[in-house]
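Chemist: Please see the structure below; I have some questions.
The values are calculated or read from the model by the stated rules, or taken from the named source; none is laboratory data. Just so it is clear, the structure is predicted and the values come from calculations on it, not from any experiment. Quick reminder, even Gly has a Cβ in these numbers, built from the backbone with ideal geometry, and neighbours come from all protein chains shown. Please note that ligands, DNA and RNA were not included when accessible areas were found on the heavy atoms of the full protein model with its side chains. Shrake-Rupley method; radii C 1.70, N 1.55, O 1.52, S 1.80 Å.
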Amino acid sequence: MGEVVGKRLGRTILELGGNNALILTPSANLDLALRAVLFAAVGTAGQRCTTLRRLIVHESILGAVLDRLVAAYRSLPIGNPWTRACSWGL
């Protein structure tokens, strides 16, 4: 493919597909990290290659992270994101 595009002096973009992970350690600022997790996993509605797909959590903070993530997901509106009722901000 690169050879074909190069012959016409075109540009190419190599899309490798995202399979992004986030690692939470005991020293993480959970307030900040959980906002990042929620936005990365939900904020783009899975429509970007940067969408979070794996969350790796140290076992010593797993309970706290799970409790907070469950609460955060329960608070998310479901529906048409273009309506005010379903908009959410971080």
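Chemist: Please enumerate the residues belonging to the stretch 20-49 that are in a helix (DSSP H, G or I) and loosely packed, with under 14 Cβ neighbours inside 10 Å.
Modeler: Within the stretch 20-49, ASP31, LEU32 qualify.
Chemist: Scan the stretch 20-53 residue by residue and report those that are among the basic types (Lys, Arg) and at pLDDT below 75. Show your work before the answer.
Modeler: The initial filter retains those residues of the stretch 20-53 that are among the basic types (Lys, Arg), namely 35, 48, 53.
Hit for the stretch 20-53 is ARG48, nothing else.
Chemist: Then there's this: For the stretch 50-63: of the residues being in a loop (DSSP other than H, G, I, E, B) and more than 13 Å from ASN19 (Cα to Cα), which is least open to solvent (accessible area, probe 1.4 Å)?
Modeler: The selected residue is ILE61.
Conditions (1) open to solvent by less than 40 Å² (accessible area, probe 1.4 Å); (2) basic (Lys, Arg); (3) part of a loop (DSSP other than H, G, I, E, B); (4) modelled with pLDDT of 95 or more, marked per residue:
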| position | (1), (2), (3), (4) |
| --- | --- |
| GLY18 | yes, no, yes, no |
| VAL65 | yes, no, no, yes |
| PRO77 | no, no, yes, no |
| ASN80 | no, no, yes, no |
| ALA85 | no, no, no, no |
